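Working notes, structure below.
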Amino acid sequence: MPTPLSGLVFLGLPLLAAVAAPLGSQAESRPAEESSRPGIYSCVPDHPWELVHRALWVRTEPDGKEHGVDDLDPLLWPQSRYLLEEPAFSRAVSALDAFLATNAERLFPDPLKRVVLQRDLWAIFDWLASVSRESEPRAAELAKQIARAMRRVALSSEEIRSLPHNYDAAVASGAFPPGPTAGERSEPFLGPGLLDLDGSWVRLAQEGPEPLAPSHLHHVDGRSLFLVCLRLPGGREATVQYLRKLRDFPEPLVHEGERRRLNPSLPQFPPGTAVALLRRTLAIDDQGRLTTTPVTESVQVRLFRSIENPAPEFGCDGELFPFQEVFEFDLSRERLFAGVAGGLRAVGREEKRFARLGTHGNDPLERPFFPGQERGFPLLQRCGSCHAQPGIFSVNSFTRISTGPGTILDVEAREVPRRLHPAEPRFPEGYDFRWKEGRASFGYLRGLWAALPR
Ligand code: HEC
């Protein structure tokens, strides 16, 4: 019989110490080496939650250097071998075994911790689901343990509905200015109203069932939902009118011989316009149903200082400033659990990260493609590789062109741009789970969820 661990051991003083530990200022650069940080769930190093988190989330190099402790997404790429090889594989199996055998889910009734652990486990599960189970039996073994742990920490639909709206908490905390700040470059700002349906931001919807952010949806295998918002400096009415003009434009594509390009005369928005992409986590409730949650995982913002075309001099990566200012706010478990600024932190201007979206799929820690890749690059300097075009031509959810340095007007447009409307006020009730439900990884999870012992 498994013996439930005493919660006291793990919920005592060390946890308070972790909460009281300095959290650093938002825009501060994070050191690549994070081993001196307190734990995420507990600073007791062998706390079962902590062991699971570390075994699955933290990448340790042979020299002991650690990466990814509080990263939003796991450090796993399509070609990674990390979790399938020793010693990482056995470490992960024993951490999960210990978690399950001791009913460690009971140690933290806190719904926030449970929903976050579930999303993290789910990300690892989906990565394992993409590995061939025939040639990699270890992937199947680990996936089973993870599915069981996910089910153990699942919340009821009532508990999920009552989770805090951390975006609103971040805005209310006053930790970030509500709009662009004066000076040559703005501080990262996080305004109220991104989620309001009558505020100055207009949330976008498109005609037809196709998702508005397919690249991002694919990238996270549908575990998050994405909202795209637009705001012209003239406010809501001006934004709605601009969208109408864009929709009514008769010829969004022009033909040049065999090739089709975006029409350079498409209506342009004025400088001062901003676009935002908000990502929220989904969860699986204790009945095995997919559900939305109020937990914002990240917000990306691009503010157009000018709509000139920086692209001709633009290489593959680089600064979009002074044409656009770019910001990203990521969920930090550490800040979230400590109740600091809704858990959101602004990514520092020089903060290095490993690229996730739009990579070759190689694992930079195992097999870097080019010199320096194993150390990561400033995240905010990567935005230019997919958003360097002037104004509306850089709004990829409109153009459907996902990438392309150089001027986008030179890129062949395979499809017509989207027809964008202001979204209906149904969110999140109207969220369509079919995309995720249709994924092979979800079918696999659902099968295990139903078949395995709790
Ligand atoms: C590898 C390509 C790529 C990189 C790098 C990238 N994005 Fe995007 N981004 C996209 C695509 C593609 C979309 C459209 C939605 C989709 O298909 O998922 C998008 C959408 C957005 C949107 C919503 C408005 C729009 O353009 O549709 C914002 C805001 C945004 N990105 C900000 C950023 C910021 C800030 C960075 C840098 C931290 C960044 N992006 C880096 C590809 C990229």
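So what's the projected area for the chain, the Cα convex hull averaged over all directions, in nm²?
Values: hull surface 90.1 nm².
Spelled out: convex hull of the Cα atoms, projected over all directions, averaged, 22.5 nm².
Within straight-line reach of K352, meaning a Cα separation under 23 Å, sit the following lysines at least 8 residues removed in sequence or on another chain: K65. Checking every one of the GluC sites (Glu not before Pro) in the range 158-244 against DSSP loop status and a limit of 12 other Cβ atoms within 10 Å picks out E184, E207.
Charges on Cβ only, +1 for Lys and Arg, -1 for Asp and Glu, centred on the Cα centroid of the chain; of G443, F337, L379, which one is farthest towards the dipole's positive end? Farthest along the dipole direction, towards plus: G443. Dipole check for the chain: with +1 at the C-beta of Lys and Arg, -1 at the C-beta of Asp and Glu, and the Cα centre as origin, the magnitude is about 800 Debye.
For the range 103-119, backbone phi angles converted through the Karplus equation (6.51, -1.76, 1.60; θ = phi - 60°) give residue-by-residue couplings of 6, 5, 4, 6, 5, 10, x, 4, x, 5, 5, 5, 5, 6, 5, 4, 5 Hz, Gly and Pro being listed as x.
Inter-label distance, D63 to T359: 2.0 nm, where each label sits 7 Å from its Cα along the C-beta direction.
Within the same chain, lysines fewer than 8 places from K144 are excluded, and of the rest, none has a Cα less than 16 Å from its Cα. Annotation for the range 325-381 versus the range 194-225: alpha-carbon center distance of 22 Å.
Spacing of the modelled spin labels on R446 and Y431, each 7 Å from Cα toward Cβ, amounts to 1.7 nm.
Pair-distance distribution P(r) for the range 164-433, from all Cα-Cα distances in 10 Å bins starting at 0: 6, 27, 37, 23, 6, 0 percent. Looking at the range 120-216, the trypsin sites (Lys or Arg not before Pro) that sit in a DSSP loop and have at most 13 other Cβ atoms within 10 Å of their own Cβ are R185.
According to the square roots a ≥ b ≥ c of the eigenvalues of the Cα gyration tensor, what is the shape class of the range 256-392, taking rounded for a/c under 1.5, prolate for a/b larger than b/c otherwise, and oblate for the remainder?
On the way: a/c = 1.70, a/b = 1.41, b/c = 1.21.
Since a/c reaches 1.5 and a/b is larger than b/c, the shape of the range 256-392 is classed as prolate.
Read-outs: derived from the displayed coordinates by stated rules, not from any lab. The shown structure was predicted, so the numbers you read here are calculated from the model rather than taken from an experiment. Positions of Cβ are backbone-derived with ideal geometry, glycine not excepted, and every protein chain shown enters the neighbour counts.
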